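Asks: I have a structure here, written as structure tokens, and I will follow up with some questions on it.
Every number in this text was worked out from the coordinates using simple rules, so none of it is lab data. Small disclaimer: the values here were computed from a predicted structure and weren't measured. So basically every Cβ, Gly included, is an ideal-geometry build from the backbone, and we count neighbours across all protein chains shown.
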Amino acid sequence: MKKILGLLCLFSLCFTCKNTSTPPDSIAISELTISGIHKAYSNYEYTSELLVQAYLERIKKYDSTINAITYINPDALALAKSLDEEYEKTGELRPLHGIPVIVKDNINVVGMPTTAGSLALQNYYPDHDAFIIEKLKNAGAIILAKSNMAEWAFSPMHSESSTHGTTRNPYNTNYVPAGSSGGTGASVSSNFGTVGLGTDTGNSIRGPSSHCSLVGFRTTLGLISRSGIVPLFLRNDVVGPMCRTVEDATRLMQVMAGYDVSDPITEYAQGKTVPDYQKYLLKNGLEGARIGVLRELIGDEADPEIKTLFEKAIVDLDSLGANIIDPVVVPDFEALSEDQWCATFRKDLESFLKDFVKSDSLQTINDIIRIETKSEFSKERLEAYASLKGRWGKDSADCLDAYTDTRRIAFREAIRNVMDSLKLDAIVYPSWQNRPATIINFEEEYKGDNNQIISPHTGQPAFTVPMGHISGNLPGGLQFLGRMYDEATLVKLCYAYEQGTKNRKPPLLK
């Protein structure tokens, strides 16, 4: 009887929404979470269709200032309506039922262009969803919109594309949101969608998340498939959640994790994933944890205000029950971190063009160079990558994946040995040790990016969580580095830190 009454209430609500002036802006859309939205659906407070409309109106109202959204899914409202009808019939909510997702514009979504911010791909509409998009849709998610990015994901500094221009930081529009997933970072932080997806080759999930006061998960290389995503350096590329809360990021990660025959590196994850990462969302998760402080990544050139935030974060971790081991020293850290980058863009991109784009006129990097770009920065990178290959630096070791590359293994083992000897659960450091750069001087002011140094090379998971704000209303992030496939521990630690500090606050949009 209760279920029947509930369904009658939902029918009444849907009927009312269509036949009266019930406004979408009556939904308190700021800082909504997946669990909060599902509770509202269950209580028949609003429908998915109304929620999508509310987000669309917010984008229309505020994105002209931020410039984060590149393309809105024309089927979003219809999809929301069908999910409402499904819930009306079944009374069951799928894991991401009716949740609007912002997707970076290098991830294939059927019916939407995948441009990677480039003129070369501006008319590319994929025939199939990326593997992770299939998983999200099967979980009930609505792909609401595509977000702006640094063209070809080249820049960690800023998010500027030939297709859509420059994205601004919602906390202070004179500053960058970092790159290359700055469009997702700015839009999710601005509450243009519930959750978002970014990709991270060296920085691009955690940098924008840090700059935009978000939670960003760079997971273990192998946990989540990258097939159907425009690559930068596939040996480093990861796709992952960019969200306002650790819980939402965990829910998104849970759905996306899994083996994909089209991405061989995911075979390493078989048998190493956790059935339910959400059970590690524990408010007391820091009690008794051993946290190492890597002061190598907070040097003399760090911004004094970021230093102050970081020292406060260490105090907070201690007060929340963690045992702080300070400092942690990794032998030969600097030497091990060198010569890790390899130029595989040309090979990886041309494989993507062959497997997905399938255009006779767009098969090589030289075809892309011929089409040109509006960005001098991108032009220089494209021309360099047309001939550049192999490892950058003095070492001539083969450029392989995180499981077979000798330099990557040596770096990871050195960190793991220190963690094992000190019985550490995680290592912490500032995600970015300097303040965000201004848009007009981003190249000169780009410094302090700690995201590039460890996890993209070792393959280890690294999560960033809001650490607070400095002058100019600019956010900073605290990064937790864990062992391979130990996302569960990082979820526990990050959630406890987030809940114990409540450092995130939404931007005041104009």
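Asks: Nearest 20 debye, what's the magnitude of the dipole of the chain about its Cα centre given +1 on Lys and Arg Cβ and -1 on Asp and Glu Cβ? Display every interim value, and only then the final one.
Replies: On the way: 52 positive and 63 negative charges, 211 e Å.
Approximately 1020 debye in magnitude.
Asks: Farthest toward the dipole's positive end in the chain, which of Ser378, Ser181, Phe154, given Cβ charges of +1 (Lys, Arg) and -1 (Asp, Glu) about the Cα centre?
Replies: It is Ser181.
Asks: Within segment 90-181, which GluC sites (Glu not before Pro) sit in a loop by DSSP and count at most 13 neighbouring Cβ atoms inside 10 Å?
Replies: Qualifying residues, ordered by number: Glu92.
Asks: Would you mind checking which residues have amide H under 5 Å from Ser147's amide H? H placed 1.01 Å from N; only 5 or more apart, or other chain.
Replies: Thr70, Val103, Lys104, Asp105
Asks: A further question on this structure: Could you list His158, His97 in order of exposure, starting from the residue whose Cβ has the fewest other Cβ atoms within 10 Å? Please report the intermediate quantities before stating the final value.
Replies: Working: His158 25, His97 21.
Least to most surrounded, the residues fall as His97, His158.
Asks: Among rounded, prolate and oblate, which fits segment 360-510 when a ≥ b ≥ c are the square roots of the eigenvalues of its C-alpha gyration tensor, a/c under 1.5 means rounded, and a/b larger than b/c means prolate?
Replies: Values: a/c = 2.36, a/b = 1.21, b/c = 1.94.
Oblate.
Asks: Which far-off residues, 5 or more places away or on another chain, put their amide H under 5 Å from the one on Met467, with H placed in the peptide plane?
Replies: Distant-sequence amide H within range of Met467: Gly476, Gly477, Leu478.
Asks: Return the aspartates and glutamates within reach of Lys307: Cα separation strictly under 20 angstrom, same-chain partners fewer than 8 residues apart disregarded; answer none if there are no such residues.
Replies: Answer for Lys307, where 20 Å is the Cα cut-off: Glu296, Asp316, Asp318, Asp326, Glu445, Asp449, Glu498, listed by chain and number.
Asks: Could you list, bin by bin from short to long, the percent of Cα-Cα pairs of segment 66-161 in 10 Å steps?
Replies: 16, 43, 28, 10, 2
Asks: Name the shape class, rounded, prolate or oblate, that the alpha-carbon gyration tensor gives for segment 121-199, where a ≥ b ≥ c are the square roots of its eigenvalues, rounded holds for a/c under 1.5, and otherwise prolate holds if a/b is larger than b/c and oblate otherwise. Could you put the intermediate results ahead of the total?
Replies: On the way: a/c = 2.39, a/b = 1.42, b/c = 1.68.
Verdict is oblate for segment 121-199.
Asks: Can you spot the aspartates and glutamates whose alpha carbon is less than 17 Å from Lys394's alpha carbon? Ignore those fewer than 8 places along the same chain.
Replies: Straight-distance partners of Lys394: Asp332, Glu334, Glu338, Asp339, Asp405.
Asks: Scan around Val195 for amide H atoms under 5 Å from its own, H built in the peptide plane at 1.01 Å from N, and keep only partners 5 or more places away or cross-chain.
Replies: Under 5 Å from the amide H of Val195 lie the amide H atoms of Ile102, each far enough along the sequence or on another chain.
Asks: Tell me the GluC sites (Glu not before Pro) within segment 291-354 that lie in a loop according to DSSP and have at most 10 other beta-carbon atoms within 10 Å. Walk me through the numbers on the way to the answer.
Replies: Details: sites: Glu296, Glu301, Glu305, Glu311, Glu334, Glu338, Glu350; in loops: Glu301, Glu338.
Loop-located and lightly packed - Glu301.
Asks: Which lysines does Lys89 reach when only Cα atoms under 30 Å apart count, and residues fewer than 8 places away in its own chain are ignored?
Replies: Excluding near neighbours in sequence, the set is Lys2, Lys3, Lys18, Lys39, Lys81, Lys135, Lys137, Lys279.
Asks: Return the inverse of the average 1/r over all pairs of distinct C-alpha atoms in the chain, which is the Kirkwood hydrodynamic radius, in Å to one decimal. Don't skip to the answer; put the middle values down first.
Replies: Values: mean 1/r = 0.0436 Å⁻¹.
When all Cα pairs of the chain are included, the Kirkwood radius is 22.9 Å.
Asks: Take the alpha-carbon centre of segment 189-225, take the same for segment 253-309, and report the distance between them in whole Å.
Replies: 12
Asks: First select every other residue whose beta carbon is under 14 angstrom from the beta carbon of Asp401; then total the charges, Lys and Arg +1, Asp and Glu -1. Don't skip to the end; give the middle numbers.
Replies: Values: positive: Arg226, Arg235, Lys347, Arg391, Arg407, Arg408, Arg412; negative: Asp237, Asp263, Glu267, Asp348, Asp398, Asp405.
Result for the local shell: +1.
Asks: Using θ = phi - 60° and the Karplus form 6.51 cos²θ - 1.76 cosθ + 1.60, what ³J(HN,Hα) does each residue of segment 232-245 get, whole Hz, x for Gly and Pro?
Replies: Going residue by residue, I get 10, 10, 4, 5, 10, 5, 9, 10, x, x, 10, 9, 8, 9 Hz, with x marking Gly and Pro.
Asks: What is the Cα radius of gyration of segment 246-397 over 2.2 N^0.38 Å, N being its residue count?
Replies: On the way: Rg = 22.3 Å, N = 152, 2.2 N^0.38 = 14.8 Å.
For segment 246-397, the normalised Cα radius of gyration is 1.51.
Asks: Would you compute, from DSSP H runs of 4+ residues alone, the mean residue ellipticity of the chain at 222 nm, taking -39500 (n - 2.57) per run and dividing by the full residue count, rounded to the nearest 500? Intermediate values should be presented prior to the final figure.
Replies: Numbers: 17 runs with 181 residues, N = 510.
Dividing the helical sum by the residues of the chain leaves -10500 deg cm²/dmol.
Asks: Order by neighbour count: Cys342, Cys243, fewest other Cβ atoms within 10 Å first, most last. Walk me through the numbers on the way to the answer.
Replies: On the way: Cys342 23, Cys243 28.
Final ranking by Cβ density, sparse to dense: Cys342, Cys243.
Asks: Take Arg218, Arg295, Arg94 and order them by how many other Cβ atoms sit within 10 Å, fewest up front. Could the numbers behind the result be given before it?
Replies: On the way: Arg218 30, Arg295 13, Arg94 18.
In order of increasing Cβ crowding within 10 Å: Arg295, Arg94, Arg218.
Asks: Ok, one more. Given the C-alpha centroids of segment 339-412 and segment 148-181, what is the distance between them in whole angstrom?
Replies: 21
Asks: Antiparallel DSSP bridges in the chain: what percent, to the nearest 5?
Replies: Numbers: 34 of 48 bridges.
Roughly 70 percent of the beta bridges in the chain run antiparallel, per DSSP.
Asks: Answer with one residue from Ala257, Leu119, Pro208: the one whose Cα lies farthest towards the positive end of the charge dipole of the chain, charges on Cβ with Lys, Arg +1 and Asp, Glu -1.
Replies: Ala257
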